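Scroll down for the structure; my scribbles are underneath it.
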Amino acid sequence: MVLALSAVPPGWAAAGPAADAATFHVVATLPVAARPVGVGVEPSIRAVYVASGPAQSVSVIDADTGLATDSIPVGAGANGVAVDQVSRTVYVTNTGANTVSIIDAKTNAVTATVPAGPQPYFVAADPRAHTAYVTNVGGNTVTVIDMATASVRATVMVGNQPAGVAVDPNARLVYVASSNLGDTMSVLDADADTVVATVTVGSNPAGVAVDPGLGAVYVATAGGLAVVDTGTNTVTATVPVGANPYAVAVDLTTHLVYVTSLDDGTVAVLDGTTHAVLRTLPAGSSPAGVDVDPLDHTAYVANAGSDNVTVVGRWVPPVVTSQPADAAVPSGEMATFTVAGSGSPRPRVRWQRRLPTQQGWHAIPEADGLTLSFLATARLDGTWYRAVLTSPAGTATSDPAQLTVQGGTPIEPPTEPPTGPPRYPGPQPPPF
């Protein structure tokens, strides 16, 4: 039998918002190069980029398997990472070289190295204008980079030792926190490259993220997560999180907010609508950068002290969203069955069959994709096929679909459909 297994992403539905705090779990810990700080996700390519200063490189992780697929040399002190998900461009700040590396995510090649200010640190990408905003800790400035020309468009003076930066591409605003003994956040006009407002947010602000849908900017401060109303530029709430909050990321679909805390090794998950802390999870040592995959709503946390990445997922039980259909093919041609589903972590698919001469369902070796294809022969006429979707969150089984081979005799469906768990659920799979 010849098996053709499909790629994973097509056919999977979004798992949807979390139902309660119990659905959040650490689903994996992935090793990377030394002292990772910045992390960014390119969802369409299914890649996660993690910057390592000592290695002067960016580790590339396959978001579906959790395996490292590449290591991209960049500059000294590689630190911040931002991804333009429209142009599929990755920006990496090189704090020790005072430069920014621009990477083509389609090829993982560095296409340009652009000078920045002294000690470039955080970076944010504008997916609408295809520009990047780089905070320069040693220069009290923000460098604006035009991706089309790979050149510096502007240098904007902001507050003392700027750190976190975030872009609202629709409102054309950029938010920059001032970290060293400051308590303010500068608001920049993204088109004019000028400061239009200064907001008091709390002591020692660091990471920044914006949710345009809720009209909120989130700033990690020494006193907790400050929530700023973008309409009034005022703090509406300060939410206690972990010790020494550092970085912030927002899932723009679910409006969940993720906050890392350096000193207690945790990542907090908040409901952006209610500002409630849904769960605080252990990460690695000195968790720093964090980013969210908008397709499967998984968060990635770079742990600078333990040289790894913590993967935070929401356990949502598997559901079959599209059932395999009966197939009728001539003998000697390829038969194909497909299934689609949802769940988080993404379930593993195992195909089973029930031959007319067999009792019960039996696993098909190496048949573990969304699509099952094989050569139809006369002896398979009347065989039933089904898919079993399994993850740590549970198991779902598709309806059976029958294969009719030209010249064969159709077989009636099983009179006693299997009940309870499938015969071959297999061991609980790892999340990747």
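Where a number appears in this text, it was derived from the coordinates with a stated rule and is not lab data. For clarity, every value in this text was computed on a predicted model and none was experimentally measured. In this analysis, Cβ positions are derived from the backbone assuming ideal geometry, glycine residues included, and neighbour counts consider all displayed protein chains.
Backbone N atoms of the range 373-395 closer than 20 Å to the 7 Å Cα→Cβ label point of GLU366 belong to residues 373-377, 380, 386-388. Each peptide in 192-201, 32-41 was scored by the mean count of other Cβ atoms within 10 Å over its residues; highest first, the order is 32-41, 192-201.
Loop-located trypsin sites (Lys or Arg not before Pro) in the range 275-370 (DSSP state other than H, G, I, E, B) with a sparse environment of at most 15 neighbouring Cβ atoms within 10 Å are absent. Computed from the C-beta positions of MET157 and THR232, the FRET efficiency with R₀ = 25 Å rounds to 0.55.
Local charge sum around VAL32 (other residues, Cβ-Cβ under 14 Å, Lys/Arg +1, Asp/Glu -1)? The answer is -3.
Close amide-amide hydrogen proximity is noted between GLN406 and VAL329, SER331, each under 5 Å apart and 5 or more residues distant or on a separate chain (H modeled in the peptide plane; Pro and chain starts excluded).
Under Stokes-Einstein, with the Kirkwood radius over Cα pairs as Rh, the value for the chain at 37 °C and 0.692 mPa s is 143 µm²/s. Over all other residues within a Cβ to Cβ distance under 14 Å of ALA268, the charged ones net out to -3, with Lys and Arg as +1 and Asp and Glu as -1.
Summing charges over all other residues whose Cβ lies under 13 Å from the Cβ of VAL199, with Lys and Arg as +1 and Asp and Glu as -1, gives -2. Going from the fewest other Cβ atoms within 10 Å to the most, the residues PHE122, PHE337, PHE24 appear in the order PHE24, PHE337, PHE122.
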